[in-house]
Structure formats: C-alpha cells, structure tokens
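Colleague: Can you keep this structure in mind? I'll have questions shortly.
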Amino acid sequence: MSTFTDKVLKVVKEIPRGKTLSYKEVAILAGNEKASRVVGTIMSKNWDESIPCHRVICSDGTLGGYNRGTEKKRLRLEEEGAIERK
DNA sequence: CATTTGACGCCAA
DNA sequence: TTTGGCGCCAAAT
C-alpha cells in the first residue's frame, strides 16, 4: 500500500465474481484516473493467481489482454456472467 | 540517471 | 464506423 501499484493490485483483488472493471475504473479507484495504462503494465509484470486480473477489461467493453491467453479470459468472464457471449 | 515500452483512453479526421 | 494520433504514468532496459 502507499504506492499506486499496490493500490491497483488491492483493488483488482477486491473485484467480486461476475463483475468487471475497466482499466480506467481501476485506475480511478487506485487514486489516479490517468494511469489506466499503468494498470495494464503492472498486471503484465505481476500476473498473479491471487489477482483476478481477468476481471479487468477495457472501458469500451473489449477484453484487452491476458497473460494466459485472451481467449481464456473471455471464457472465464462468460462463465461468470460478467459479459454476454456474442 | 535517461529513454523506451506497454494487458489503455479519448479525441479528431 | 474505423483509423490514426496524442496523452499519461509506472516499470523495464
């Protein structure tokens, strides 16, 4: 805590199942609205099983990216009902 | 210490 | 609607 990075990780950990937050939303909750990119950067460098990073998507509703495969991320969100399967 | 990179976001054409 | 470009900030090189 105390650093933006730690806040981001904390916020993402707090995301409930079936809910998705955009990188921008996470950035805002972490205390820096303009750091949307940083959120993604942090995740890519610190991909952790304790962190449901698959719950974090782009503000446009697009999935964004995922260290284990974007397809896997999509399936997981669909399974949780966070998004509509199109 | 300086520069580049990158799982983004928003605006203009 | 789809591209292209700028901004923004932390981490990596």
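Colleague: For A:Ile57, which sequence-distant residues (separation of 5 or more, or a different chain) have an amide H within less than 5 Å of its own amide H, given hydrogens modelled in the peptide plane?
Modeller: A:Leu21, A:Ser22, A:Tyr23
Colleague: Right, here's the next one. Students often forget the sequence filter, so: which aspartates and glutamates lie under 14 Å Cα-Cα from A:Lys45 once same-chain residues fewer than 8 apart are removed?
Modeller: Straight-line reach from A:Lys45, under 14 Å: A:Asp6.
Colleague: Toward the positive end of the charge dipole of chain A, about the Cα centre and with charges on Cβ (Lys, Arg +1; Asp, Glu -1), which of A:Ile83, A:Ile51, A:Leu63 goes farthest?
Modeller: Positive-end residue among those listed: A:Leu63.
Colleague: Mind checking the full-extension length gain between A:Asn32 and A:Asp60? Use 0.36 nm per residue of separation minus the Cα-Cα distance, one decimal, nm.
Modeller: Full extension from A:Asn32 to A:Asp60 adds 8.2 nm.
Colleague: Charges at C-beta only: +1 for Lys and Arg, -1 for Asp and Glu. How large is the resulting dipole of chain A about its Cα centre, in Debye rounded to 20?
Modeller: Computed about the Cα centre, the dipole is about 100 debye.
Colleague: Under 10 Å from the Cβ of A:Ala30, count the other residues' Cβ atoms, weight Lys and Arg +1, Asp and Glu -1, and hand me the total.
Modeller: Result for the local shell: -1.
Colleague: Further, regarding this structure: Chain A: which chymotrypsin sites (Phe, Trp or Tyr not before Pro) are DSSP loop and have at most 14 other beta-carbon atoms within 10 angstrom?
Modeller: Filter output for chain A: A:Trp47.
Colleague: Ranked highest first by average number of other Cβ atoms within 10 Å, how do A:5-17, A:73-85 line up?
Modeller: Order by mean packing, descending: A:5-17, A:73-85.
Colleague: Please report, for the Cα atoms of the range A:1-71, the Rg to one decimal and the Dmax as a whole number; what are they, in angstrom?
Modeller: For the range A:1-71, the Cα-based Rg and Dmax read 10.8, 34 Å.
Colleague: Starting at the first residue of the range A:8-16, write each ³J(HN,Hα) from the Karplus equation 6.51 cos²θ - 1.76 cosθ + 1.60 with θ = phi - 60°, in whole Hz, x for Gly and Pro.
Modeller: For the range A:8-16, the Karplus-derived couplings read 4, 4, 4, 4, 5, 5, 7, 5, x Hz, x marking Gly and Pro.
Colleague: What length, rounded to one decimal in nm, is gained on full extension from A:Thr3 through to A:Asn46, with 0.36 nm per residue of separation minus their alpha-carbon distance?
Modeller: Full-extension gain reported as 14.0 nm.
Colleague: Please report A:Thr70, A:Thr62 as a ranked list, fewest other C-beta atoms within 10 angstrom at the top and most at the bottom.
Modeller: A:Thr62, A:Thr70
Colleague: What's the FRET efficiency of A:Leu75 with A:Lys13 using the Cβ-Cβ distance as r and R₀ = 25 Å, to the nearest 0.05?
Modeller: Efficiency for this residue pair is about 0.75.
Colleague: Let me have the relative contact order for chain A, percent, based on Cα pairs under 8 Å that are six or more residues apart.
Modeller: Dividing the mean separation by the residue count of chain A yields 30 percent.
Read-outs: derived from the displayed coordinates by stated rules, not from any lab. Just so you know, these numbers come straight off a predicted model, no measurement behind them. Glycine gets a Cβ as well: all are built from the backbone with ideal geometry, and neighbour counts include every protein chain shown.
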